[in-house]
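Engineer: Here you go, one structure.
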Amino acid sequence: MGALVIWNIDLQLEDEEDNPVPFVKEAGGDWVRIEATLGQVGSTVSLGGFEPLASDSAYQLWAVRDETAISLRVFNTDDDGNWPGEMEFARQRGDQIAITEEAHGGSNAPTMDPLLPTKI
């Protein structure tokens, strides 16, 4: 079993699509920061507050677009609960970001309902 964390980052985006737009969401000690330029491939992601998982589990990072989850990365945090990484994905206005806890190697779709509210 896993937990799903999902945030809608549309409300944090500016109208200017040529500038990198930082998004920061904090809830219950968990936090995520994403720096992305709309329509361009590549985003920087950092997160913290997540407990390191046992070797039979992993976190999975998703983009949710039009109610379809797209797997971006499978990862685990360091001993302090942090993880920095990259997404090779072209963000679009209205996309959501989700994090699930899955079996080692990830899954084809998120397996749990949202753990944290989706509203910002």
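Here, each number is a calculation from the coordinates, and none is a lab measurement. Just so you know, these numbers come straight off a predicted model, no measurement behind them. Note that we place each Cβ from the backbone using ideal geometry, even for glycine, and neighbour counts take in every protein chain shown.
Engineer: With Cβ to Cβ distances under 13 Å as the rule, what net charge do the other residues near residue 85 carry (K, R +1; D, E -1)?
Structural biologist: Surrounding charge for residue 85 is -2.
Engineer: Would you kindly derive the ³J(HN,Hα) couplings of segment 72-85 from the backbone phi angles with the Karplus curve 6.51 cos²θ - 1.76 cosθ + 1.60 (θ = phi - 60°), listing them in order in whole Hz, with x for Gly and Pro?
Structural biologist: Each residue's phi maps through the Karplus curve to give 10, 7, 10, 7, 10, 7, 6, 4, 8, x, 10, 7, x, x Hz.
Engineer: With N set to the number of residues, divide the alpha-carbon radius of gyration of segment 31-98 by 2.2 N^0.38 Å and report two decimals.
Structural biologist: 1.13
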